[in-house]
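The values are calculated or read from the model by the stated rules, or taken from the named source; none is laboratory data. Treat the numbers as computed from the prediction; the structure is a model and nothing was measured. Positions of Cβ are generated from backbone atoms using ideal geometry, with glycine treated the same way; all protein chains shown enter the neighbour counts. What goes into the accessible areas is simple: the full protein's heavy atoms, side chains included, and nothing from ligands, DNA or RNA. Shrake-Rupley method; radii C 1.70, N 1.55, O 1.52, S 1.80 Å.
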Amino acid sequence: MTTLKFSGEVAGFYRRYRRGYPEAVLDALVAEFGLTAEDTALDLGCGTGQLTLPLAARTRAVVGMDPEPDMLAEARKAAAGVTNVCWLVGADSDVSALELVLGGEKLGAVTIGQALHWMDHETLFPALHSLLRPGGGVAVVTNGAPMWLHDTPWSNALREYLSGWLGKPLVRTCGAEQEEQDRYRASLAAAGFTTGETDVDYEDEIDLEHLVGAVYSAMPEDLLPKPDERAGFEERLSVAVSPFAPFVEPVRVRVVSGRKDATSV
Ligand SMILES: C[S@@+](CC[C@H](N)C(=O)[O-])C[C@H]1O[C@@H](n2cnc3c(N)ncnc32)[C@H](O)[C@@H]1O
């Protein structure tokens, strides 16, 4: 069911170094689905809770669901003191089983942050439609392009360094391509949702520690430099990118939304 992509040490790097979502994104979700303190939401592919936790602050309760137990273990750490989140091991193919847990209650929102590219969205969206209340909906959220794919001197240097390390060019964009997002939107419409798109743009400056940590958080566990290679890896990475500091990243968070009609059942 699960992949090894986010297991082991990678999960810890993900919790510590992956950026979360600005409040403007949460504002957009609340406005789009009319979310209130009465609503329950599902954050599918929740990882270490980057979207689950701010969503919990805006709703009655959130179910964070992910097939990778190591990510959920880190999410629990991140959620220390938060009492209205429950974490479930499960993948997109398990969402229909949530009806048992919800006991007739309908969800106000389902968020999928940086994770839909792992799922079968053609099957998932119709399944989510029946779990949602009228006016609620699905939000497919992309948290910016990978930091090594920008056209800035430090990002170019990082891309070149990582391509050399991995022995292949780096091109994958994890659902950030317009074409993929158009496909998601069409698929939401085919499942009966009214679709929309909202962008939140900002710039974020990160330091070298966060740059390295974010790189580690994006590697499968078996590709992480071995512990005894790590100092050398980081030193060479620093030599490659430091001439181009500060590391300022343009971040575009895109929310592709599908709202269930207010008259739907
Ligand atoms: C890049 S992380 C995103 C974490 C978080 N939602 C965020 O916005 O940062 C992708 C997550 O999707 C999860 N995932 C992978 N395959 C999945 C599937 N089939 N169903 C649900 N989640 C899945 C992974 O375990 C991982 O935690």
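Note on the stretch 196-237: with charges restricted to the Cβ of Lys and Arg (+1) and Asp and Glu (-1), its dipole about the Cα centre is near 360 debye. Beyond 14 Å, the tail of the calculated P(r) for the stretch 151-201 holds 68 percent of the Cα pairs. By accessible area, using a 1.4 Å probe on protein heavy atoms only, the chain has 54% of its surface on carbon and sulfur. A compact globular protein would have a Cα radius of gyration near 2.2 N^0.38 Å; the ratio found for the stretch 142-238 is 1.34. Using only alpha carbons, the stretch 1-134 has a radius of gyration to Kirkwood radius ratio (Rg to Rh) of 0.93.
When peptides 63-71, 149-157 are sorted by average Cβ neighbour count within 10 Å, with the highest value leading, the order is 63-71, 149-157.
Placing +1 on the Cβ of every Lys and Arg and -1 on the Cβ of every Asp and Glu, with nothing else charged, gives the stretch 1-99 a dipole about its Cα centre of roughly 460 debye. Once the gyration tensor of the Cα atoms in the chain is diagonalised, the equivalent ellipsoid follows with semi-axes of 33, 19, 17 Å, ordered largest first.
Remark: for residue pairs Lys77/Lys260; Lys5/Lys260; Lys5/Lys106; Lys5/Lys168, the C-alpha separation exceeds 26 Å in Lys77/Lys260; Lys5/Lys260; Lys5/Lys106.
Relative to the longest principal axis of the Cα atoms of the chain, helix 23-33 runs at roughly 30 degrees. Computed over the stretch 181-265, the percent of Cα pairs more than 18 Å apart is 63.
The dipole here belongs to the chain: it is taken about the Cα centre, uses +1 on the Cβ of Lys and Arg and -1 on the Cβ of Asp and Glu, and is about 340 debye. Only Cα pairs under 8 Å and 6+ residues apart enter the sum, and on that basis the relative contact order of the chain stands at 25 percent.
Its relative contact order, with pairs defined as Cα atoms under 8 Å and 6+ residues apart, puts the stretch 89-140 at 52 percent.
With contributions of -39500 (n - 2.57) from each DSSP H run of at least four residues, the per-residue ellipticity at 222 nm computed over the chain stands at -11000 deg cm²/dmol. Given the stretch 76-208 reduced to its alpha-carbon atoms as identical point scatterers, what log10 I(q)/I(0) does the Debye formula return at q = 0.13, 0.19 Å⁻¹? Taken in order of the listed q values, log10 I(q)/I(0) reads -0.75, -1.18.
Per residue, the solvent-accessible area of the chain (1.4 Å probe, heavy atoms of protein chains only, all protein chains present) comes to 45 Å².
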